[in-house]
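Notes for the one structure printed next.
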Amino acid sequence: MTDTRKISNLALIGFMGAGKSSVGRLVANTLHFTFLDTDDVIEARAGKSITDIFAQQGEPAFRQLECGLVEELTHRDRTVISTGGGLPINPANLASLKTHALVVCLWASAEKIFERVRHQTHRPLLNNPDPLGKIRSLLAAREPFYHQADVLVNTEMRSIKEVAHQVIHQLRLAQSAHR
Ligand code: S3P
């Protein structure tokens, strides 16, 4: 982080099931920030689910929608942004978020993620005969991107409340260092 960096917002990145939305909502409530989930905005604008966007338009079209939305976020203030798990794979997205937000990655192992998402069905990428294998390979491929966050918070042994507390602490530290 450079001293000239402005930190008006908080962006949560990390793999599916890392807890970005739950933690993000709690952080936003606590700080009286607006909460924004990139997947929710994309679904509302498209008038269909992420699953349908993937099925009807393909993943590249979804990634374009993500990228366009990220650009719009540069004008936000006091917003907690919860991002889709694949969003930071595009370096332009991460670079853009870093111009206005503290970027925090919520981390969990593939096994922990599998435990959290195994009964959910709304994620097209995990709609796979071997979801744990898919999680392992995707997580390994994405790890270098997630590690470019400003802060990494391990969520494995922490409750949502504890993770939120840790995230708020990191945001306060960053804001006081960049005032
Ligand atoms: C994706 C994660 C999902 C959603 C889409 C693709 C990914 O968001 O954006 O299904 O590539 O990891 P969550 O991380 O909120 O589940």
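The values are calculated or read from the model by the stated rules, or taken from the named source; none is laboratory data. As the structure is a prediction and not an experimental result, all values here were calculated from the model. Positions of Cβ are backbone-derived with ideal geometry, glycine not excepted, and every protein chain shown enters the neighbour counts.
So the values come out like this:
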item: Candidate set from region 136-157 (those that are closer than 21 Å to Thr99 by Cα and β-branched (Val, Ile, Thr)); member that is surrounded by the fewest Cβ atoms within 10 Å (Cβ to Cβ); result: Val151
item: Single residue of region 32-53 satisfying the filter (surrounded by fewer than 16 Cβ atoms within 10 Å (Cβ to Cβ) and not charged (D, E, K, R)) that is farthest from Asn9 (Cα to Cα); result: Thr51
item: So Ala108, is it within 14 Å of Gly85 (Cβ to Cβ) and crowded, with 17+ Cβ neighbours inside 10 Å; result: yes
item: Residues within region 9-43 that are more than 14 Å from the ligand (Cβ to nearest atom) and either part of a helix (DSSP H, G or I) or at pLDDT below 95 (or both), tallied; result: 6
item: Cross-chain or 6+ apart pairs with Cβ under 8 Å, region 130-152 first and free of Cβ contacts under 8 Å to residues at least 60 places away in the same chain and more than 25 Å from Leu10 (Cβ to Cβ), then part of a helix (DSSP H, G or I) and not aliphatic (A, V, I, L, M); result: Pro131/Phe114; Leu132/Glu111; Leu132/Phe114
item: Residue list for region 83-103, restricted to those being within 14 Å of the ligand (Cβ to nearest atom) and either outside any helix (DSSP H, G or I) or surrounded by fewer than 16 Cβ atoms within 10 Å (Cβ to Cβ) (or both); result: Thr83, Gly84, Gly85, Gly86, Asn90
item: Pairs where the first residue, in region 76-87, is under 17 Å from Leu106 (Cα atoms) and aliphatic (A, V, I, L, M) and the second is within 7 Å of the ligand (Cβ to nearest atom) and modelled with pLDDT under 95, C-beta under 9 Å, 6+ apart; result: none
item: Test result for His178, more than 20 Å from Thr34 (Cβ to Cβ), touching a residue at least 24 places away in the same chain (Cβ under 8 Å), surrounded by fewer than 18 Cβ atoms within 10 Å (Cβ to Cβ) and more than 16 Å from the chain's Cα centre (by Cα); result: yes
item: Positions within region 60-82 being loosely packed, with under 14 Cβ neighbours inside 10 Å, within 17 Å of the chain's Cα centre (by Cα) and part of a helix (DSSP H, G or I), in sequence order; result: Gln64, Gly68, Glu71, Glu72, Thr74
